[in-house]
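Structure, as structure tokens:
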Amino acid sequence: EVMVVLFNYGTLKIPADARIHRTTVCADAMKISLVAYQQLSTEESEDRLSGFLIVFFDILLSLLRFNGLPNHRSPEELGDAALGRMSAQAILHVVRTTPNAFKASLATLSDLDRQLLEFAVRAEMSGYTVAAQQQQPANKKLSLKGFKK
């Protein structure tokens, strides 16, 4: 039920008057979902954790598609890049803490979903820098030794 709330508020499947609480509700639902993830990750059964991650990633991918990421805006007018970043942070947390369960849950995703997941993780790890701003080409110095009359 918590993940359904996260999905509905994160993708704006809620009435317009409830949108003022959108960020707070999504943050609280994400915290509760990560507590459930943490509890499952301490258990012996990786099958249960992988099953949880399949559902969790499906919700997070929906949030990423709707909201986009910082410097990679979504086409949705009411998308909130902060919610997309929150989703990317949760995915990166899973990747770092339980890599085996993460790999097992990736097997069930489509190629397009895997690419979006990879893009979100890479963007979160790089700090959302734009490649053009990252490195400016250095001006080359002109060597006058090569010019002869």
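The values are calculated or read from the model by the stated rules, or taken from the named source; none is laboratory data. It should be emphasised that the depicted structure is a prediction, and the values quoted were computed from it without experimental measurement. Cβ coordinates were reconstructed from backbone atoms using ideal geometry, including for glycine residues, and neighbour counts include every protein chain displayed. What goes into the accessible areas is simple: the full protein's heavy atoms, side chains included, and nothing from ligands, DNA or RNA. Shrake-Rupley method; radii C 1.70, N 1.55, O 1.52, S 1.80 Å.
A few points about this structure:
- Residues that are within 22 Å of Asp113 (Cβ to Cβ) and open to solvent by 80 Å² or more (accessible area, probe 1.4 Å) number at least 1 in the following helices (runs of 4 or more DSSP H) confined to the stretch 1-102: 2-10, 46-67, 81-97.
- Residue match in the stretch 111-121 (condition: more than 24 Å from Thr11 (Cα to Cα), modelled with pLDDT under 95 and either touching a His at 6+ places or on another chain (Cβ under 6 Å) or not aromatic (Phe, Trp, Tyr) (or both)): no
- Members of the stretch 37-58 found to be in contact with a helix residue (DSSP H, G or I) (Cβ under 9 Å, 6 or more places away or on another chain), farther than 12 Å from Ala90 by Cβ and either touching a residue at least 24 places away in the same chain (Cβ under 8 Å) or of a type outside the set (Phe, Trp, Tyr) (or both), listed by number: Leu40, Ser41, Glu43, Glu46, Asp47, Arg48, Leu49, Ser50, Gly51, Ile54, Val55, Asp58
- Near pairs, Cβ below 6 angstrom, 6+ apart or cross-chain, from the stretch 88-111 (more than 23 Å from Leu69 (Cα to Cα)) to any residue that is open to solvent by 50 Å² or more (accessible area, probe 1.4 Å) and not polar (S, T, N, Q): Ala101/Glu46; Thr108/Ile54
- Count of residues meeting criterion [under 15 Å from Gly10 (Cα atoms) and of a type in the set (D, E, K, R)] in the stretch 48-72: 2
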